[in-house]
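Structure first, then comments.
The values are calculated or read from the model by the stated rules, or taken from the named source; none is laboratory data. Note that this is a predicted model, so its numbers are computed, not measured. Don't worry about glycine lacking a Cβ; one is built from the backbone with ideal geometry, like all the others, and counts go over all protein chains shown. What goes into the accessible areas is simple: the full protein's heavy atoms, side chains included, and nothing from ligands, DNA or RNA. Shrake-Rupley method; radii C 1.70, N 1.55, O 1.52, S 1.80 Å.
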Number of protein chains: 6
Amino acid sequence: MSALTAENKKLLESASVSTLTNLMLKRGFRNAYMHGIAPLSTTDRNMVGPAYTLRFIPSREDLDTMAGYASDQNVHRRAIEECPPGHVLVIDAHGSSRAASAGDMMVARLKARGVAGIVTDGGFRDTADIEQLAFPAFQRETAPAATPIALHAADLNLPIACGGVAVYPGDIIVGATDGVIVLPAHLANEIAEEAADVAAYEEFVAEKISAGHSIFGLFPATEASRKEYESWRATKCARK
Amino acid sequence: MSALTAENKKLLESASVSTLTNLMLKRGFRNAYMHGIAPLSTTDRNMVGPAYTLRFIPSREDLDTMAGYASDQNVHRRAIEECPPGHVLVIDAHGSSRAASAGDMMVARLKARGVAGIVTDGGFRDTADIEQLAFPAFQRETAPAATPIALHAADLNLPIACGGVAVYPGDIIVGATDGVIVLPAHLANEIAEEAADVAAYEEFVAEKISAGHSIFGLFPATEASRKEYESWRATKCARK
Amino acid sequence: MSALTAENKKLLESASVSTLTNLMLKRGFRNAYMHGIAPLSTTDRNMVGPAYTLRFIPSREDLDTMAGYASDQNVHRRAIEECPPGHVLVIDAHGSSRAASAGDMMVARLKARGVAGIVTDGGFRDTADIEQLAFPAFQRETAPAATPIALHAADLNLPIACGGVAVYPGDIIVGATDGVIVLPAHLANEIAEEAADVAAYEEFVAEKISAGHSIFGLFPATEASRKEYESWRATKCARK
Amino acid sequence: MSALTAENKKLLESASVSTLTNLMLKRGFRNAYMHGIAPLSTTDRNMVGPAYTLRFIPSREDLDTMAGYASDQNVHRRAIEECPPGHVLVIDAHGSSRAASAGDMMVARLKARGVAGIVTDGGFRDTADIEQLAFPAFQRETAPAATPIALHAADLNLPIACGGVAVYPGDIIVGATDGVIVLPAHLANEIAEEAADVAAYEEFVAEKISAGHSIFGLFPATEASRKEYESWRATKCARK
Amino acid sequence: MSALTAENKKLLESASVSTLTNLMLKRGFRNAYMHGIAPLSTTDRNMVGPAYTLRFIPSREDLDTMAGYASDQNVHRRAIEECPPGHVLVIDAHGSSRAASAGDMMVARLKARGVAGIVTDGGFRDTADIEQLAFPAFQRETAPAATPIALHAADLNLPIACGGVAVYPGDIIVGATDGVIVLPAHLANEIAEEAADVAAYEEFVAEKISAGHSIFGLFPATEASRKEYESWRATKCARK
Amino acid sequence: MSALTAENKKLLESASVSTLTNLMLKRGFRNAYMHGIAPLSTTDRNMVGPAYTLRFIPSREDLDTMAGYASDQNVHRRAIEECPPGHVLVIDAHGSSRAASAGDMMVARLKARGVAGIVTDGGFRDTADIEQLAFPAFQRETAPAATPIALHAADLNLPIACGGVAVYPGDIIVGATDGVIVLPAHLANEIAEEAADVAAYEEFVAEKISAGHSIFGLFPATEASRKEYESWRATKCARK
């Protein structure tokens, strides 16, 4: 299994989440989109990177004290320092927004370390500050309460559940205005390439529709529309 | 029953949803507002038009294949091509956001055909592109997954449920920042006229309140406040 | 118990909700943040003020008529006229968005009267107009239906539940982008002062992080980081 | 307004909740049934009695200590000792089952004091023991956690919300297998009488249906079916 | 497509819902079980029969009066009189338990007419009486309120959504303690036969497990375990 | 840390869940009760045993095939064979009832192996058969769908979330009619002993209440009531 190429990463940065769900469905995957997870603010390019995971369980009053939180072994803080640059930190908070999955300082540190983004099925605190950092951050619901009130960081880089989807370390995570989708690592390159072709076809369709064409015969594509599209594409590329 | 006049349509385009719920309540209707449905982006003028309906049921793996989806008889695509210009396409997705009620190309086609807007109690895919089309679109929650994953288009223009409200084909649908309200076709003209009067009264009240007047004696209106309002209105019209 | 000082009020106007939940947790309070309540629009400064409360119960058709609503004894309208200037009107709508907790005219009147803000665990109607008033307003979900459809104003200034938190009249309510937190009246002054110190420390941390420092040794603070921070602060104050 | 007579109380003890919702609807009341509240165990006769109310708000760590709980002024314990015999204790727990609205000892005391039943929109602890007491008890969901974990008893015998319905002290509460309905005090006598007639008619209908008659012409009643029913009833009474 | 044979109907009457979901999954169907729908009371034999459907939309105050309800054209009452004997009446109440999908008299009439059962994704009123009729009835939540408060019967025998599953008229509905599953009409005979074999194998496994055998090598079946099972079955049949 | 003694295990088998939440609260633990988890059928004695954990994540179509399910390395089946006798198998299904956490054959095997019980925050299939096995089983909602439709067994005996509570391997799990509570392993012996004393005191209180005594002065206990209770207990023990 080869890693996602730089070229394909670029293609995924402008792919649409809906195109990616289509390409996943075509391969038999019906549950790749994280339900109920939205971006804190919208971005020009998609967040793209391999998953590095953090798993929270509910906190317990004797184990999750502020003192314990300060320890160098604290798994929550280790996640922030150990998530590799270019990766997306994906957090399984078992859907809880009773406490923060992360705050602005943690997000600032991720950004400083070159991490690609952060996703939680819980929520963040300091959301206004996170928005200003312009760092890709996706959550279910704002959650300002102090982490130990409800969450205990259990382990790093195990397979997790996030937004109802399985996330295996190394899966390619794509986040956009529509939300977050998970691509199995071994399929990411081929899906990226196919998505670029779909996007070009959709650009062709958009032109036709704005010129008054019906969606019948265009969407989904027919043999005829594919042929027309290819000559349209050839012309277009020639012009560039 | 006469159709909504062009003049009254214009009045509804600037009516407030809350005023319309009041006027519906006055006539005994307690359940006209669609709960949990919000605009993708806000617009200057309200979306107004008669309802044309589409009903989804859950999909079934043997019936809802991509091949079947391409058929000319596909009810989902027929809805996009057959919804009359000036109408609002209202979709009963039984509240499901497990798959898209429509995407940007379908919405672009509705816009090209002169349709007035689209409403679903499920959700759309390609929401950023739909926002850019500046076409009135109302949903419960973004839903990028491919339609056949969860939805099967069953029929067109039957009475449906949407956001907990009954929608009969031809009912007048009004959508604004606050959400969507359904006016029975035979009441739309009289409600539009009454709403315009209420709006004028509220402008009068707003002036009084910003001048320091109490809401007692103003809101709700009293005989005295109505009299004052009418002279205010007369002066105002004279000035124009 | 001394009232919140003007100086401390100013400090709370720029405090972060997440810092305040930390300071509450430190004092043993785990349930001070209102879950699921968000601002209608974001503001530069936080909403800060003592709570004045209104409690809704479900409406009953014989008691909650439009005629009754017009009475001078109507508790809903009394809340708008009697909430003291500088206070925050906090509404227990038992979480219901089946009808409006308030509309734009009521909010305009609160603003004219110098009230500091309004919070409901239900929702508002005329949300676009309320946003234009630039008056701090926090809700769970937009609710344009006429109030008597679902809500009856029962009483004023009793202890209430709002967003899952106890609110006693006089508690200090702080509202920001992240949402709303309730500070017991007798703790507000000391928390305000401590929050200002935390904010300064976080500014110091933000500088360190953007310079590439790890969060270990900085967050949470260590003895060493506190010492460094204090000299940083001294220099900074000197420069001003 | 006359109190519920002993005779009418007996009629309500065998009335069906569905008949009572019909009779309420006929008088314009659409929201009298408590949604989501079920009996702990089924009983032969309905629970019937005037409402005595208790209102909980969320607890706060400094006010809701075990020590405070032991005080003679504790409103939770006062409710148990002060709810009048023959009344139903109706509890507004703002829907929370994070802590117990009552336990077996409190229920045993209510039974010893001749109270008619207990209803909460939260839940009870010791549910097996409460079932053995054979005391009418209705709840949303079992809630064994210690009361001060989440609930603070705020006041007694104010109008409250319970299960989405307004409950005024003195309203007649009827609880059966189907759940709980609230009858305004001034309508209880006339509704009780009408319910008895409906029940007799339904007995007549049940006989006809088991004899193979269609529901058309029987349900709802027609003039002809009413006539037949009346002679059936006369015969039946004569036989007794 | 041949109808379900009497013999296969008998097999389905003792099949387990979990076996049926396995056999559906094997054929590619992942969404055949109705979520959140439970039997009012448990029965010895499963409910089995072809679906006859009724669809409710929300009611509207001017159309859903008690007078209209009495009409011979009332679709709700027609469903009760027209559902064919041996069929299961399946109701799409768009998940609403704000009003009754049916009551005891309607159910008594269905029983008298030889209908096989009733399923709703809303709820029933008179649940204690329905249990006494010992007629198979499945619901989401008890719903005693008068039907016109929230429901309008729209049409008969169209494809519907029920409990998140598509139900086409004629699909074979199987209801048991675990709930309700929908079998496409053309697969019901083959699934019934396969289910009988699975049930026999499970009886064999149960014997082995109670004798201390591990589930490895037994469940799922291996070639060896199938061979052993077949001789066990032969012996057993011989003995009978 | 010593293991739970046989004697204390017996005491916990008759302790009430509500008493245990009180004793946990007294030690500062506010979140020990699993919300929304109920027994399939009630039992005379509580389920008591140390936790052995299984964690599910969402399934993925390429990894969770029926073939993979049959493997000897399948973690789901390993959990059934490896959970030690006397332990409780506690399952983190991330709250999903889209597929079965276990079925009757797995439960029969657990029983044959001497396991003490099974708990899931998802659900079981074959619930009628599990009830007949009279094996303690607790779930959120019945879930008959085949496991690979929605669940993938990820790992064994890690700390997990179940019903909103942290469960560490070895924690003492107690299940009764009221539901399930988690006791930290190192506190189980002392809590068991204290619970026995509380139960005796409650028996004393129950006698007093049935004799007409007020709960004031009895519940919570006072110095006087403790003294009276001790002589009551002494007399009682003497009699035995």
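Positive-end ranking of D:H186, D:A196, D:H94 along the dipole of the stretch D:90-207, with charges on Cβ about the Cα centre, is headed by D:H94.
Quick check: net charge around C:A192, other residues with Cβ under 15 Å of its Cβ, Lys/Arg +1 and Asp/Glu -1? Once positives and negatives cancel, what remains is -2.
Net charge around F:T222, counting only other residues with Cβ within less than 11 Å of its Cβ (Lys, Arg = +1; Asp, Glu = -1)? Result for the local shell: -1.
Couplings 3J(HN,Hα) of the stretch C:152-165, computed from phi: 10, 6, 9, 7, 10, 6, 9, x, 9, 9, 8, x, x, 10 Hz, in residue order, whole Hz [Karplus 6.51 cos²θ - 1.76 cosθ + 1.60, θ = phi - 60°; x for Gly and Pro]. Annotation for D:H213 and C:R233: the two label points, set 7 Å from Cα along the Cα-Cβ direction, are 8.6 nm apart.
Protein heavy-atom surface of the stretch A:144-240, 1.4 angstrom probe: 56% of the accessible area is carbon and sulfur, with nucleic acids and ligands not counted. Pairs of Cα atoms nearer than 8 Å and 6+ residues apart set the relative contact order; for chain A it is 29 percent.
Within the listed set D:A79, D:A199, D:A224, the Gaussian network model of chain D (springs between alpha-carbon atoms below 10 Å) gives the highest mean-square fluctuation for D:A224. The residues of the stretch E:124-155 listed by number as losing at least 20 Å² of accessible area in the complex, against the isolated chain and with a 1.4 Å probe, are E:R125, E:D126, E:T127, E:A128, E:E141, E:T142, E:P144, E:A145, E:A146, E:I149. Comparing Cα centroids, the stretch A:118-161 and the stretch F:124-160 end up 30 angstrom apart. Could you tell me what percent of the accessible area of the stretch A:1-56 is made up of carbon and sulfur, with a 1.4 Å probe and every protein chain present? Answer for the stretch A:1-56: carbon and sulfur cover 49 percent of the accessible area. Note every residue of the stretch B:19-48 with a reduction of at least 30 square angstrom in accessible area, all protein chains present versus the isolated chain, computed with a 1.4 Å probe, or write none. Buried by 30 Å² or more upon assembly, which counts only protein chains, are B:T21, B:N22, B:L25, B:F29, B:R30, B:N31, B:Y33, B:H35. Close amide H contacts of E:L158 (hydrogens built in the peptide plane, cut-off under 5 Å, sequence separation of 5 or more or a different chain): E:T53. Straight-line cross-link reach from C:K227 at under 30 Å between alpha-carbon atoms covers these lysines, not counting any fewer than eight positions away in the same chain: A:K111, C:K9, C:K10, C:K26, C:K208, C:K236, C:K240. Counting only other chain Cβ atoms within 10 Å of each residue's Cβ, the peptide F:210-223 averages 4. For peptide D:186-192, the mean count of partner chain Cβ atoms within 10 Å of a residue's Cβ comes to 0.
Could you provide, to the nearest whole Å², the per residue accessible area of the stretch B:94-225 with probe 1.4 Å? Kindly include the intermediate steps, with their values, before the conclusion.
Details: 3830 Å² over 132 residues.
The answer is 29 Å² per residue.
Taken about its Cα centre, the stretch E:191-236 carries a charge dipole of about 200 debye when Lys and Arg each add +1 at the Cβ and Asp and Glu each add -1 at the Cβ.
Could you state the accessible area per residue of the stretch D:1-43 in Å², with a 1.4 Å probe and every protein chain left in place?
Values: 2030 Å² over 43 residues.
Spelled out: the 1.4 Å probe surface of the stretch D:1-43, per residue, equals 47 Å².
Interface size, chains E and D: roughly 2300 Å² of accessible area buried, both sides included, 1.4 Å probe, rounded to the nearest 100. Per-residue Karplus couplings for the stretch C:192-209, computed as 6.51 cos²θ - 1.76 cosθ + 1.60 with θ equal to phi - 60°, are listed in order as 4, 5, 5, 5, 5, 5, 4, 4, 5, 4, 5, 5, 4, 4, 4, 4, 4, 5 Hz, Gly and Pro entered as x. Counting protein heavy atoms only, the stretch B:59-133 has 49 percent of its accessible area on carbon and sulfur, 1.4 angstrom probe. Converting phi to 3J(HN,Hα) with the Karplus coefficients 6.51, -1.76 and 1.60 and the offset θ = phi - 60°, the stretch E:169-182 yields x, x, 4, 8, 9, 10, x, 8, 4, 6, x, 10, 10, 10 Hz in sequence order, with x at every glycine or proline. Contact residues in the stretch B:98-121 by the 40 Å² criterion (accessible area, 1.4 Å probe, full protein complex versus chain alone): B:R98, B:M105, B:R109. Per residue of peptide D:157-165, the mean number of Cβ atoms on other chains within 10 Å of the residue Cβ is 5.
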